[in-house]
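**Q** Pasting in a structure now, in structure tokens, and then I'll have a few things to ask.
The values are calculated or read from the model by the stated rules, or taken from the named source; none is laboratory data. Bear in mind that the values here come from a model prediction, so they are computed numbers and not experimental data. Every residue, glycine among them, receives a Cβ derived from its backbone with ideal geometry; neighbour counts consider all protein chains shown. Keep in mind that these areas ignore ligands, DNA and RNA; they rest on the heavy atoms of the full protein, side chains included. Shrake-Rupley method; radii C 1.70, N 1.55, O 1.52, S 1.80 Å.
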Amino acid sequence: MSTNLVGLERPQLMEVLARLGVPERQRKMRAQQLWHWIYHRGAKSFGEMTNISKDLRAKLSAHCDIARPEVVMKQKSVDGTRKWLLRLAPDEHGQRHEVEMVFIPEEDRGTLCISSQVGCTLNCTFCNTGTQRWVRNLTTAEIIGQVLVARDTLGDWPALIEASPNPPAAGRYITNIVFMGMGEPLYNTEHVFPACRILADGEGLSLSKRRITVSTAGVVPEIPRLGAETGVMLAISLHATTDEVRDKLVPLNRKYPLNELLAACRAYPGLSNARRITFEYVMLKGVNDSEEDARRLVKILKGIPAKVNLIPFNPWPGSAYECSDWEDIERFAEILNDGHLAAPIRTPRGRDIMAACGQLKSESERLRAKQRRTAESRARTTASGGATITTSG
Ligand code: SAH
């Protein structure tokens, strides 16, 4: 069995090197070189690692690899948002599961939204992913592998950007990473925490901790650990201001009610005006969008350095909710602003390719090959107006 080096932290990587017979005094340096090739140069094979001895390269090629998830489908929205359907390597039962990942380009930054699980256990009633059964946690390699695939597609490797006649303003395409794809990241801390550390490491993927955000529906006991063990930013899928409503929308609330969740937020390390917690609030008509809700939201967030993202509900086939009326969303935002809470209304991105918040679903039954082909030809015939789909593999 070949060992995938993607997603190994330094001590584990040095163990692999030890097994290959690399003398102890060289292991640290070799691990450093491998990280540089994998995370800065985007290397896919050991052959190109010219500063590593031929002998070691041969051993690495024989026993290890640098594996990424396989791209099954790429789609691009009319607004520039991209979505990938990725197929994972076979698990211990030989099953190859799929996950989705989304890239949202903006003027001054680009946000990659990655998945942490195949499916989800939470069953939030307004979320499409919640209708898909939970299958398994992603490994650290699969989480980091998503970022490598996105960088491959976007040409987001330092050498390519340096050579580009038209480089992105921020010096890289992916400037922010959010764990807001499929799954509950705090139910997969074993793999999400190391992934956060590799993303934030200057010799790893080299993103600032302030630009990495883990979003949770509220797994309270893991929140302090996230702060202590990774130091990344926290987002909470709040969506309601009373336990009664939140119990229905986010069933996890029955286990960890609002007062416990907000206490954990208050205690999150390193908060300041410049490092705030993001509270996501999906606007559901007649459910959580009243003026009273807005006033209560101001009250319950008092004292927490906070920002509220108001997310117009994104519909999906079979969903039982409607998006709030635009005036109601604006009124809601105004009340929050009057209460000194920043409350941007998020423009839905990528709705035409089902890439917007809460629309992700990858159950392979959903899009069988035949349907994929139909979707492709539809995209071709609406080439100027619709989404574009490219299929590979
Ligand atoms: N399980 C984590 C990570 C998923 S984040 C969490 O709950 O935070 C995905 C975000 O999109 C969450 O805030 C989720 O509540 C929100 N969302 C889900 N379905 C949505 C929909 N149909 N419209 C808008 N936002 C939605």
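**Q** Which of the numbered conditions does residue 199 fail, given that it passes all the others? Conditions: (1) modelled with pLDDT under 95; (2) within 19 Å of the chain's Cα centre (by Cα).
**A** (1)
**Q** Out of all the residues in the range 314-333, which are in a loop (DSSP other than H, G, I, E, B), within 15 Å of the ligand (Cβ to nearest atom) and either open to solvent by 20 Å² or more (accessible area, probe 1.4 Å) or at pLDDT below 95 (or both)?
**A** 314, 315, 316, 317, 318, 319, 320, 321, 322
**Q** Follow-up question, since we're still on this one. Would you check if there is a residue in the range 249-261 being over 19 Å from residue 123 (Cα atoms) and of a type outside the set (D, E, K, R)?
**A** Yes: one or more hits.
Conditions tested, residue by residue: (1) at pLDDT 95 or above; (2) away from the ligand (no atom under 11 Å from the Cβ); (3) within 22 Å of the chain's Cα centre (by Cα); (4) not basic (Lys, Arg).
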site	(1), (2), (3), (4)
237	yes, no, yes, yes
244	yes, yes, no, yes
248	yes, yes, no, no
266	yes, yes, no, no
282	yes, no, yes, yes
286	yes, yes, no, yes
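**Q** Could you grab me the full set of residues in the range 119-156 that are of a type in the set (S, T, N, Q), more than 10 Å from the ligand (Cβ to nearest atom) and open to solvent by 20 Å² or more (accessible area, probe 1.4 Å)?
**A** Correct list: 123, 131, 137, 139, 153.
**Q** Separate question: Under the condition of being in contact with a strand residue (DSSP E or B) (Cβ under 7 Å, 6 or more places away or on another chain) and open to solvent by 50 Å² or more (accessible area, probe 1.4 Å), which residue from the range 276-313 is nearest to residue 346 (Cα to Cα)?
**A** Step by step, filter the range 276-313, then rank; the result is 307.
**Q** Considering the range 288-313 alone, what residues qualify as being within 11 Å of the ligand (Cβ to nearest atom) and hydrophobic (A, V, I, L, M, F, W, C)?
**A** The answer is 310, 311, 313.
**Q** Would you mention how many residues in the range 200-214 are within 16 Å of the ligand (Cβ to nearest atom) and open to solvent by less than 10 Å² (accessible area, probe 1.4 Å)?
**A** 2
**Q** Related question: Counting only residues that are near the ligand (Cβ under 8 Å from one of its atoms) and polar (S, T, N, Q), which one in the range 215-235 is surrounded by the most Cβ atoms within 10 Å (Cβ to Cβ)?
**A** Only one residue fits best here, namely 216.
**Q** Can residue 78 be described as in a strand (DSSP E or B) and β-branched (Val, Ile, Thr)?
**A** no
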